[in-house]
Amino acid sequence: MNKTEDQYYIDAVRKGNVQAFSYLVEKYQKLVYTLALKLLKKPEDAEEMAQDTFIKAYQKIDTYEGKSKFSTWLYSITYNGCISELRKRRIEFKSLDDRQISDQDEQKMHDYYRETKKEDQEKYLNLALERLPEDDQVLVTLYYYENQSMDEISLISGLTVSNVKIKIHRARKKMHELLHEMLHEEIYSLL
Amino acid sequence: MNKLDKQFGEMMKGIRIDAPSSDFTVKVMSRIQAEAAVQQRHLLQDYQPVISKKTWIILFIAFVLLMVYITVSGTEPASGTGTGFWSAISGSVDKLRMEEVSSIWQKGMGIFSSVPSIAYLILTASLALWTLDSFLARFKHQASELHVN
């Protein structure tokens, strides 16, 4: 149904109804912006990237063949745009093994823990997610939040399916580890 | 998806999804409208008429040459006794008994009746193509304005 709805508006845009594109902008702007923010970090950069993503999607809408979901196609534009931007800035992602949780971050987590305890697990969850490498944050968000399949994430990121699987598995393990550190046994009572 | 994965997935539904500025859609759509206007302008600039200028010139010269040939070839103008469409018209004018008008009319008609029907066919076809060409150009222009607005 979702795909059909999207297709209806895509066809309308192709026939020249420019205004029909606003439906797609409204529907996908949050996820596109969130993905851009996870990779680029700065809200103003993310907003610009999100705008550019929709402009590119509009310009290339005739090339969308409908073989994948429109969202998959749109997120791949976002992902590739962000990667190109980061390459321009010569910023490279660190792997999970390279990344060390700083003492400052740990202290922040403990502060959160003392402040909120069980009441606000979302904060811990988002904090743990933010500690992951940027590209892993995107993969985890797409897989667990946006329910994109491994194949679709492979299309978006350009990584092989097996690589996506490994990265998501490792990211999940790392998030568990971080949450465990933050909430000790309490997180497991939630699961 | 194993159990642990499923549980993690449920937990992940609680992550924060950020939102861009409240006027995000307006900003994007205004950029897209501008983009569409530029695309449309290119489309109009690229528009090629059905009949090119060159063809029109050739058609015009051919028609003029044909007219000159007919005039120079010494065909006597018909005096209203000939047969055919123009003669029929001039005949009906006679019936109105308007002598002066009818003599001018007959002179004019005489010239036309000497023109072979192929020349009329060429003229009619050219005018039809010209009308169609102008209509298509106007229609395309109107359609582009509608889409942009």
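The values are calculated or read from the model by the stated rules, or taken from the named source; none is laboratory data. A quick note: this is a predicted structure, and the numbers were derived from the prediction, not measured. All Cβ positions, glycine included, derive from the backbone under ideal geometry; neighbour counts span all protein chains shown.
The residue of segment A:125-153 that is surrounded by the most Cβ atoms within 10 Å (Cβ to Cβ), among those that are among the charged types (D, E, K, R) and outside any helix (DSSP H, G or I), is A:ARG131. Evaluating A:ASN126 against the criteria (1) modelled with pLDDT of 90 or more; (2) within 13 Å of chain B (Cβ to nearest Cβ); (3) under 22 Å from A:LYS42 (Cβ atoms) leaves one unmet condition, (1). Quick one: would you say A:THR63 is over 16 Å from A:VAL138 (Cα atoms) and either under 20 Å from the mean Cα position of the chain (by Cα) or more than 10 Å from chain B (Cβ to nearest Cβ) (or both)? Taking the combined requirement at face value, the residue satisfies it. Of the residues A:GLU5, A:GLU47, the single one that is part of a helix (DSSP H, G or I) and within 16 Å of A:THR72 (Cβ to Cβ) is A:GLU5. Selection of segment B:17-38 for residues being farther than 18 Å from A:GLU44 by Cβ and either surrounded by 15 or more Cβ atoms within 10 Å (Cβ to Cβ) or within 7 Å of another protein chain (Cβ to nearest Cβ) (or both) yields B:ILE17, B:MET29, B:ILE32, B:GLN33, B:GLU35, B:ALA36, B:ALA37. Does A:THR78 satisfy being within 14 Å of chain B (Cβ to nearest Cβ) and modelled with pLDDT under 70? Answer is no for this residue. A count restricted to segment A:148-168 and to residues that are under 11 Å from the mean Cα position of the chain (by Cα) and either under 17 Å from A:ILE83 (Cα atoms) or within 11 Å of chain B (Cβ to nearest Cβ) (or both) stands at 3.
Pairs meeting the criteria (first residue in segment A:3-16 and surrounded by 12 or more Cβ atoms within 10 Å (Cβ to Cβ), second residue aromatic (Phe, Trp, Tyr), beta carbons under 7 Å, at least 6 apart or on different chains) are A:ASP6/A:PHE70; A:TYR9/A:TYR23; A:ILE10/A:TYR64; A:ILE10/A:PHE70; A:VAL13/A:PHE21. Note on segment B:8-55: residues that are at pLDDT 85 or above and of a type in the set (Ser, Thr, Tyr) total 4. Among the residues of segment A:154-174, the ones that are without any contact (Cβ under 8 Å) to a residue 12 or more places away in the chain and in a helix (DSSP H, G or I) come to 7 in all.
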